[in-house]
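FYI, it's all coordinate maths here, none of it is from the lab. Keep in mind that what you see is a predicted model, and the values were worked out from it rather than measured. Don't worry about glycine lacking a Cβ; one is built from the backbone with ideal geometry, like all the others, and counts go over all protein chains shown.
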Amino acid sequence: MKKIALINSVCTGSTGKIMGDIQRRAEDSGYKVISFFGRGNGFPDLKCIKFNNKNSLYFNILYNFIFNKQGLQSKQETEFLIQKLEDFNPDIIHLHNVHGYYLNYQLLFDWINTSFRGKIVWTLHDCWTFTGHCAYFSYVKCQKWKNQCSPVCPMRHGYPYSFFVDTSKSEYDLKKEIFTFRKDFEIVTPSNWLNELVKQSFLKKHHVQTINNGINLSTFKPDKDKSIKQKYGIPENKKIILGVANIWEKRKGLDDFLELSRLLMNENIVIILVGLSNIKKQLIKKYKNVIGIERTENVHELVKIYSISDIFVNLTKEDNYPTVNIESIACGTPVITYDTGGCKEQVINTTGYCCTKNTIEEVKTKILEFINKDFKNTIFDNKVVLPNFDANKSFDAYIRIYDKLLKE
C-alpha cells in the first residue's frame, strides 16, 4: 500500500479542512495516510500526529516578535517530526503551510533535500514561500520578491508579526536556497492568480498547476429556514448585507465595513459580520446598523446565514481563493467583492460583481443597485459555475497527481 504524509500547521480552519478532506479521499482511493500538524486539535476520525505544543508555540511567537526568525525555532519538535516521517516512510509528502510558528522549515527541508527519496507535493495557500517575510504583499504593492527581498521590508510588522529586526534579505536567500535545491517539487495553487505569481518567483522552475479549492455542495446550498433571524435579532424588514471572516482585521476589510455602515446608515439595510472576536463584537456595538456574530464552527448555521442574506460582501484586501465567496454563491446569495487575488475567478455577472476600483464608494453604489434590481431574485443564477465549486473535483485532482507521481 502506497503511503502519503500530509503536513500543515493545523487541522482546523480552511487549510486544515482541506488537508483532512484530502486524507479521506486518499484513504478511499487505497492510500495509507497520516496527517502531521503542530497546533490545536487533530481530526477525530483520521490518523494524525501532533508534534508541537503550546509552550513551543508561545516561544516561537515571542522569539519571532523580537528577532524576526519565524520558522527557525522548534528544532526538537521538528526532529521528532522527521523521526516519525522516517518511521512511516511515505512515498509522497504533501506539504501545506510550513509557516505558522510550529516548525523549523530549514531543518525539515535539509532532510527533504538530502535524505528523503520520495515525491513532494506542495499546496501554497499564500505567498509566504517565495518572499523574505510576508504572506501577502498586494496591499502595499511590493515587488521586491521577484528579485531580492531586502531592507526595508514594507510588511515587516505584518504576519509573521515582528517589530524590531528586518531579516527579509537573509530569509529570502535561505528560502531560495532550500526551496529550489530539489527540482522535482509538484506545486499546487488554489488560484490562477497565485499560479502566475509563482511563475514570476524563484520557484518558477518547479512544475506548478492550479487546483481550485472546493466546497461540499451537499452542505452549502440554499436553506430557507429563517429562524436564524430570531436567534441573532436580525430585523425582518431590512435588507441584509453579510460579511464573513475567520479573523477580522484590517486586511480582511473590517475598517471598510465600518465605513460602509456609515454610508448606508440612512438605508433600510443591516450589516451582519460573522467571525468577530468577543472584544471586536463589543467594539462595533456603537454602529447601530451592524450586528456582530462570533465565529461559529456550526456549518449548518453558517449556511442559514448565507441563505437569508441579500448580498454577500467581501472587502478583503489580500487573499488567495476565498472560499467564503463560493460558499455564498452556492447558498444562492450574490457576491460583491474587491478584485483581490483569485476573486475574479469566482464571480461572473449572474452571480455578483467584482469591483474595478476597489473603493467603498463603488461597493455602496453596487449594493444599492443590486437591491433596487432585486438581483438575488431576478438575475442571480449559479447553475453554470456551481459544478466548478464541487470539492470532489479538487480531491480527485490531487489523487490524479499522487497516481501520476508514483508511476514515474
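Taken about its Cα centre, the range 227-389 carries a charge dipole of about 480 debye when Lys and Arg each add +1 at the Cβ and Asp and Glu each add -1 at the Cβ. Computed over all pairs of different Cα atoms, the Kirkwood value for the hydrodynamic radius of the range 8-124 is 14.6 Å. Any idea what log10 I(q)/I(0) is at q = 0.11 Å⁻¹ for the range 227-389, Debye with uniform C-alpha scatterers and no solvent? Listed by q, the Debye log ratios stand at -0.38. Across the range 123-242, the mean sequence separation of Cα contacts (distance under 8 Å, 6 or more residues apart), normalised by length, yields a relative contact order of 23 percent. Roughly how tilted is helix 13-28, in degrees to the nearest 10 and between 0 and 90, from the longest Cα axis of the chain? With both axes taken from Cα atoms, the answer is about 60 degrees.
Sequence gap at least 6, Cα distance under 8 Å: using those rules, report the relative contact order of the chain to the nearest whole percent.
13 percent
Among the GluC sites (Glu not before Pro) found in the range 201-287, those both in a DSSP coil and sparsely packed, with 10 or fewer other Cβ atoms within 10 Å of their Cβ, are Glu236. Every Cα-Cα pair in the chain was counted, and those over 32 Å apart are 37% of them.
Each Lys and Arg Cβ is given +1 and each Asp and Glu Cβ -1; about its Cα centre, the chain then shows a dipole of about 340 debye. Rounded to the nearest 10 degrees, the inclination of helix 105-114 to the longest alpha-carbon principal axis of the chain is 50 degrees. Against the chain, whose longest principal axis comes from its Cα atoms, helix 254-263 is set at around 10 degrees. With runs of 4+ DSSP H residues as the only contributors, calculate the mean residue ellipticity of the chain at 222 nm using -39,500 (n - 2.57) per run, divided by the residue total and rounded to the nearest 500. Computed mean residue ellipticity for the chain: -11000 deg cm²/dmol.
When the chain is treated as a Gaussian network with alpha carbon springs shorter than 10 Å, the biggest mean-square fluctuation among Met19, Met155, Met265 belongs to Met265. Positive end of the dipole of the range 227-389 (Cβ unit charges, origin at the Cα centre): among Leu273, Asn377, Asn246, the Cα lying farthest that way belongs to Leu273.
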